[in-house]
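What follows is one structure encoded as structure tokens, with my remarks underneath.
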Amino acid sequence: MVLAATGTGYPLLDLIWTMLVFFGLVLWFWLLFVIFGDLFGRHDVSGWAKAAWTVFLILLPFIGILVYLIAQGRGMGERRRAEAAAARAGFESDVQSIAAKGGGGTGPADQIATAKRLLDEGDITADEYEAVKRKALG
């Protein structure tokens, strides 16, 4: 690697140190975004408390991040877990409703077609056909 050569004036250890500092900066900004996202997504904290945390995180950033993670770390995890569970439940509900309406054979059009076939074959009466049709159309 050209930058790592000793003749260029940028030794390998300086390169590694620069990469570690860059990684630390990225990690710190990521933690800051996660904390602000958690803080402003909470409904159990007042506006004044959010403002106080924001000022604390801006004025003393490293100490503020550590204090927030220590004080609110377990709550952050529980809130993220609850959000993930709600998103998963919503997704599963959507998939089930789409599957029920789609090609599964249980949609209103399929129910009416089946009832019409049974009516034409004489297995149900016209009143039963109308009842199935009303129920399918909701």
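The values are calculated or read from the model by the stated rules, or taken from the named source; none is laboratory data. Keep in mind that what you see is a predicted model, and the values were worked out from it rather than measured. Don't worry about glycine lacking a Cβ; one is built from the backbone with ideal geometry, like all the others, and counts go over all protein chains shown.
Quick notes
Here is a yes/no grid of residues against (1) surrounded by 15 or more Cβ atoms within 10 Å (Cβ to Cβ); (2) small (G, A, S):
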site	(1), (2)
A49	no, yes
E92	no, no
A99	no, yes
G107	yes, yes
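- Scanning region 55-68 for residues that are β-branched (V, I, T) and either farther than 23 Å from L27 by Cα or over 24 Å from the mean Cα position of the chain (by Cα) (or both) turns up V55, I58, I63, V67.
- Of all residues in region 62-77, none satisfies being in contact with a Pro (Cβ under 6 Å, 6 or more places away or on another chain) and either of a type in the set (G, A, S) or closer than 30 Å to H43 by Cα (or both).
- Which listed residue is under 30 Å from A136 (Cβ atoms), not assigned by TED's automatic domain parsing to the domain that holds K135 and not β-branched (V, I, T), from S46, S93: S93
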